[in-house]
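A.B. asks: One structure, pasted below without further comment.
The values are calculated or read from the model by the stated rules, or taken from the named source; none is laboratory data. Predicted model, so just to flag it, every value in this text is computed and none were measured. Note: ideal-geometry Cβ built from the backbone for every residue, glycine included; neighbour counts use all protein chains shown. The protein model used for the area step is the full one, side chains on, heavy atoms only, and it has no ligands, DNA or RNA in it. Shrake-Rupley method; radii C 1.70, N 1.55, O 1.52, S 1.80 Å.
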Amino acid sequence: MKIVDLVIDTLSLLTLGTNILIVFSLLILVRALMGKNYKGLKKNRLVLWIGERGLLLSFIVATVATLGSLFLSEIAGYEPCKLCWYQRIFMYPLAIVLGIAWERKDKYIIPYALSLSGIGAVIAAFHYYLQLV
């Protein structure tokens, strides 16, 4: 198996695992909101675990996404399209900013990180829509 195939398979599995974790977390949140059980949400082990490590997890995701996109374009030779570049514009700074915030335990970065990742997510959703249509 070539290294490119191994990296693509690994990134695919990481993406799938992260998506499953996100869906599971959203189900917990919706269940708590439907039952008006906000105190129960604060006691949920998954919510507590993610909450305690939120900056670190965000930093890891942004760094893996940055390194993965650089690997695919610079080493594997895949040419990124225009929308891919726009997504990268919003993703690359996150790896640096979240790393600094995690090191300093700075929770004030959250609105800035959500803004960057939110804009990138909208571009990614539009990009995905264009690929489907």
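A.B. asks: What part of the accessible area of the chain, given as a whole %, is carbon or sulfur when the probe is 1.4 angstrom?
C.D. replies: Within the chain, the accessible surface is 71 percent carbon and sulfur.
A.B. asks: What FRET efficiency, computed as 1/(1 + (r/R0)^6) with R0 = 35 Å and r the Cβ-Cβ distance, is obtained for residue 133 and residue 52, rounded to the nearest 0.05?
C.D. replies: With R0 = 35 Å, the Cβ-Cβ based efficiency is 0.30.
A.B. asks: How do the peptides 45-57, 15-27, 116-128 rank, highest first, by the average count of neighbouring beta carbon atoms within 10 Å per residue?
C.D. replies: Put in order of decreasing packing, that is 116-128, 45-57, 15-27.
A.B. asks: Which whole-number percent is the relative contact order of the chain (Cα, under 8 Å, 6+ apart)?
C.D. replies: Relative contact order comes out at 22 percent.
A.B. asks: Same structure again: For the chain: lysine pairs with Cα atoms under 30 Å, gap of 8 or more or different chains, count?
C.D. replies: Value for the chain: 8.
A.B. asks: Which value, in Å², gives the accessible area per residue of region 5-133 when a 1.4 Å probe is used on the protein heavy atoms?
C.D. replies: Roughly 74 Å² per residue, with all protein chains present.
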